[in-house]
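Structure first, commentary second.
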Amino acid sequence: MPRIVSLLPAATEIAAALGVMEQVVGVSHECDFPNEANERPRVTYCPLHDAGLTSREVDHWVRRALRDNGTIYTIDEPLLLNLRPDVILTQKLCDVCAVGYGTVARLAETLPGSPQVINLEPSSLSDIFNDIRRVAEVCDVPERADKLVIQLSDRVEGVRRRANRIRHRPRCFLMEWVDPPFRSGHWGPELVEIAGGYDPSGRKHQPSVQIEWQEVLDAQPDIIVLALCGYDIDRARRDYEILRGFPNFNSLPAARRGEIYLVDASAYFARPGPRIIDSLEILAGILHPGEFPEFISGGPDDRRMERADTSAV
């Protein structure tokens, strides 16, 4: 069985869902699910995490680090050497989300045995399913991928079928960053669409990009979902306080109606693994709670999502 180092939280979750976590000998600093991942040595580090920076400061730090160093991550090369991986799972999708493919590929060439570097670069749900199949092939369990993809696809089609019966499709702004504002991209607008909504600002199957706040005002979203890339509900709650201070925020239909939601994007929306289907179901519960009552918030102890407090708007 190949020894695997996963530098991508989604890849680690895929390996777990395929039942091959025993082959994963090392993970990134962000790999935190399932709990078994926390027992593996961590081969990457990022000083940005837990630095206490504001949303704007994070954006500035990331842009400067990418400009000066080409990456925001540090790899523990001696540890990686000691782990003797046969396969390294990484990505080309986003230099901010995880260690870049080029960095890993160059390092792999210096390691004994020249481990195989597998690039996962999804931009859609179908790409995510294909990544599951790729990891399964590397682990010699292709039949498990077939079973898992069927299960996940059935859940997708279940949401799609029920949402298609609903005539009203609310305008939903899936916001990936607050300061500065970023619109959603890749699979995000696709999830909104399947769940029975429409993201007028989204870039389906394309990278997320920064936009001007005026574009949000012009879009007049009925619902806003704060899915801050790489962060949980606690960060979304903090940044919501920044958002509500933006000019004319209270003129938005979403603000007037109290239809603003905070989600754990680190675990769900920004992690293209099996739990991306949980993200779809969370959105379905937000957009159409009457049709999808089983997916609405479970209350204050629900760490997946919560409705923002708009009482002061």
Inset, instruction - Tell me, rounded to the nearest percent, the portion of alpha carbon pairs in the stretch 1-69 spaced more than 20 Å apart. - result: 41 percent
Legend entry - Dipole moment magnitude, nearest 20 debye, the stretch 137-229 about Cα centre, only Lys, Arg, Asp, Glu C-beta charged: 560 debye
Inset, instruction - Can you send over the carbon and sulfur percentage of the accessible area for the chain, probe radius 1.4 Å, protein chains only? - result: 47 percent
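Whenever you get a sec, line up CYS31, CYS229 from highest to lowest accessible area (probe 1.4 Å, protein heavy atoms).
Details: CYS31 0, CYS229 50 Å².
Ranking CYS31, CYS229 by accessible area, largest first, yields CYS229, CYS31.
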Legend entry - Rule-of-thumb Rg ratio for the stretch 174-225 [Cα; 2.2 N^0.38 Å; N residues]: 1.02
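Which loop GluC sites (Glu not before Pro) in the stretch 203-287, with loop taken from DSSP, have no more than 13 other Cβ atoms within 10 angstrom of their Cβ? Please report the intermediate quantities before stating the final value.
Working: sites: GLU212, GLU215, GLU241, GLU259, GLU281; in loops: GLU212, GLU259.
Those that pass, being in a loop and sparsely packed, are GLU212.
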Legend entry - the stretch 206-313 pair-distance distribution - Cα-Cα, 10 Å bins, rounded %: 14, 46, 35, 5
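Kirkwood Rh over Cα pairs of the stretch 225-267 into Stokes-Einstein at 25 °C, 0.890 mPa s: D in µm²/s? List each step's numbers first, then the result.
Numbers: Rh = 10.7 Å.
Answer from the Stokes-Einstein relation: 230 µm²/s.
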Legend entry - Rough spin-label spacing in nm, given labels placed 7 Å along Cα→Cβ, for ARG167 and ARG257: 1.6 nm
Legend entry - Centre separation in Å (Cα based) which lies between the stretch 234-289 and the stretch 1-30: 29 Å
Inset, instruction - Mind checking the per residue accessible area of the chain for me, 1.4 Å probe, whole number of Å²? - result: 44 Å²
Inset, instruction - Treat each spin label as a single point 7 Å out from the Cα along the C-beta direction, and report the GLU291 to ARG56 distance in nm. - result: 4.0 nm
Inset, instruction - Mean Kyte-Doolittle of at least 1.0 plus a Cα span of 15 Å or more along the axis: flag which DSSP H helices in the chain meet both, please. - result: 276-287
Inset, instruction - For the stretch 145-232, just say rounded, prolate or oblate: build the C-alpha gyration tensor, square-root its eigenvalues into a ≥ b ≥ c, call rounded for a/c under 1.5, and beyond that prolate if a/b exceeds b/c, oblate if not. - result: oblate
Legend entry - Estimated inter-spin distance, TYR198 and GLN151, nm [label 7 Å along Cα→Cβ]: 3.6 nm
Inset, instruction - In debye, nearest 20, what is the charge dipole magnitude of the stretch 173-313 about its Cα centre with +1 on Lys and Arg Cβ and -1 on Asp and Glu Cβ, if you could check? - result: 160 debye
Inset, instruction - Give the accessible area for ASP131 in Å² (nearest 10); use a 1.4 Å probe, count only protein heavy atoms, and leave out ligands, DNA and RNA. - result: 10 Å²
Legend entry - Unit charges on C-beta of K, R, D, E only; dipole of the chain, Debye: 620 debye
Legend entry - Alpha-carbon gyration tensor eigenvalues x 5, square-rooted, for the chain, Å: 34, 23, 15
Legend entry - Of TYR45, ALA236, ALA16, farthest towards positive along the dipole that unit charges on Lys, Arg, Asp, Glu beta carbons give the chain: ALA236
Legend entry - Range of Cα positions in the stretch 191-266 per principal axis (Å), largest first: 30, 27, 23
Inset, instruction - Positive end of the charge dipole of the stretch 96-251 (Lys, Arg +1 and Asp, Glu -1 on Cβ, about the Cα centre): tell me which of HIS186, PRO170, ILE224 has its Cα farthest that way. - result: PRO170
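Which of the peptides 5-12, 133-140, 218-225 is most tightly packed, and how do the rest follow, going by the mean number of other Cβ atoms within 10 Å of each residue?
5-12, 218-225, 133-140
The values are calculated or read from the model by the stated rules, or taken from the named source; none is laboratory data. Here the structure is a predicted model, which is why all the values come from computation and not from measurement. When we count neighbours, we look across all protein chains shown, and the Cβ atoms used for this are built from the backbone with ideal geometry, even at glycine. When the accessible area is computed, the model is the full protein with side chains, heavy atoms only, and any ligands, DNA or RNA have been set aside. Shrake-Rupley method; radii C 1.70, N 1.55, O 1.52, S 1.80 Å.
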